[in-house]
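The values are calculated or read from the model by the stated rules, or taken from the named source; none is laboratory data. From a predicted model like this one, the values you see are computed outputs, not experimental measurements. Cβ placement follows ideal geometry from the backbone for every residue including glycine, while neighbour counts extend to all protein chains displayed.
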Amino acid sequence: MKSHTAYLKIKTKKEKEIINISDKVKKIVSESEVMEGLCLVNSMHITSSVFINDEEEGLKEDFMEWLEKLAPVANYKHHKTGEKNGDAHLKTRFWSMGTDFLWRV
Amino acid sequence: MKSHTAYLKIKTKKEKEIINISDKVKKIVSESEVMEGLCLVNSMHITSSVFINDEEEGLKEDFMEWLEKLAPVANYKHHKTGEKNGDAHLKTRFWSMGTDFLWRV
Amino acid sequence: MKSHTAYLKIKTKKEKEIINISDKVKKIVSESEVMEGLCLVNSMHITSSVFINDEEEGLKEDFMEWLEKLAPVANYKHHKTGEKNGDAHLKTRFWSMGTDFLWRV
């Protein structure tokens, strides 16, 4: 069975950001020369995650505002460690750590 | 390695609905003649998703009411595009886009 | 293709509990002698789930308090069946039923 692994390094410009990696994933899948199989796209950071949705500006703002309402910036116990990203740990819960999808060519 | 892909077309009767597809998935798995492997069940729509839970009427009502509380019908920015389903984009966040499970026969 | 399945039986001491199974999963992966592939870690109970996060006491308390806020113990319709765990069915929605990750050795 053929397999292919690639790593994307992504730098955010803002503290919280949605970045479209569809084209990068498509390119990797194409380069893998796998014709049928599973593609696992996984974020290697606990406070980031991968999801599939419309590339629509309003919707992305809706997501960000909604996340802020349900998992707000606040004084979390986790901050006793010196970290300040307790809200981000909660926010990523709305997106699974990994997203996998099936493709056929 | 053997693989098998099948597509289910499902029509909802109401705007928001939970539909049990267990038997349909079982049938497809059985027809695939795969004896051991991974089964990926994935919803191809962004405002729908797949999850595993009890087939219990009260619980399904609880889910629907709870979703309405946490991701209510409202005037989302996404609606500037003409779409009216901003809440559905948020609601599906409580269910991953895909659900995969392992089976053994 | 090589595959390996193992089952972990885990007993909680409290009604709601976060248990670190990383070492157990690592051991199973090591014993499987699979050098490259996918590892699917799946909870076989509907009111429990698997997630990846920091092993940090404060963060775990944050998670538990946050879950209680968004999916509180309450009088759910599901309870008409005699069950009392309606909140747990909702709480697990913040963690997918299964978590899968890719490893390379």
Completion exercise
Per the list (1) farther than 24 Å from A:Trp95 by Cβ; (2) surrounded by 15 or more Cβ atoms within 10 Å (Cβ to Cβ), residue check on B:Leu38 breaks on (1)
Exercise for the section: With the checklist (1) under 11 Å from the mean Cα position of the chain (by Cα); (2) more than 9 Å from every other protein chain (Cβ to nearest Cβ) in hand, flag the one item A:Phe51 doesn't pass. Expected result: (2)
Problem - Residue selected from segment C:13-30 under the condition more than 12 Å from the chain's Cα centre (by Cα) and not charged (D, E, K, R), by the criterion farthest from C:Glu61 (Cα to Cα) - result: C:Ser30
Problem - segment C:50-64 - residue that is touching a residue at least 24 places away in the same chain (Cβ under 8 Å), not in a loop (DSSP other than H, G, I, E, B) and not aromatic (Phe, Trp, Tyr) and, of those, surrounded by the fewest Cβ atoms within 10 Å (Cβ to Cβ) - result: C:Met64
Exercise for the section: Answer yes or no: is there a residue in segment C:2-22 that is among the acidic types (Asp, Glu) and farther than 30 Å from B:Met1 by Cβ. Expected result: yes
Exercise for the section: Could you run through segment A:1-42 and say how many residues are in contact (Cβ under 8 Å) with a residue 24 or more places away in the chain and either in a helix (DSSP H, G or I) or of a type in the set (Lys, Arg) (or both)? Expected result: 7
Practice task
Considering only segment A:76-93, state which residues are facing another protein chain (nearest Cβ under 7 Å) and either touching a residue at least 24 places away in the same chain (Cβ under 8 Å) or in a helix (DSSP H, G or I) (or both).
Solution key: A:Lys77, A:His78, A:Lys80, A:Thr81, A:Gly86, A:His89, A:Leu90, A:Arg93
Practice task
Please verify whether segment B:65-75 includes one or more residues that are surrounded by 14 or more Cβ atoms within 10 Å (Cβ to Cβ), at the interface with another protein chain (Cβ under 7 Å from one of its Cβ atoms), free of Cβ contacts under 8 Å to residues at least 60 places away in the same chain and part of a helix (DSSP H, G or I).
Solution key: yes
Practice task
Would you tally the residues in segment A:29-44 being of a type in the set (S, T, N, Q) and under 12 Å from A:His4 (Cα atoms)?
Solution key: 2
Practice task
Give the residue that is farthest from B:Gly86 (Cα to Cα), with candidates limited to residues of segment B:2-34 that are loosely packed, with under 12 Cβ neighbours inside 10 Å and in contact with a strand residue (DSSP E or B) (Cβ under 8 Å, 6 or more places away or on another chain).
Solution key: B:Lys2
Exercise for the section: With the condition kept exactly as written, say whether any residue in segment B:61-75 is modelled with pLDDT of 95 or more, closer than 21 Å to B:Ile10 by Cβ and touching a helix residue (DSSP H, G or I) at 6+ places or on another chain (Cβ under 6 Å). Expected result: yes
Problem - Filter result for A:Ile46 (surrounded by 14 or more Cβ atoms within 10 Å (Cβ to Cβ), under 22 Å from C:Leu59 (Cβ atoms) and either facing another protein chain (nearest Cβ under 7 Å) or over 16 Å from the mean Cα position of the chain (by Cα) (or both)) - result: yes
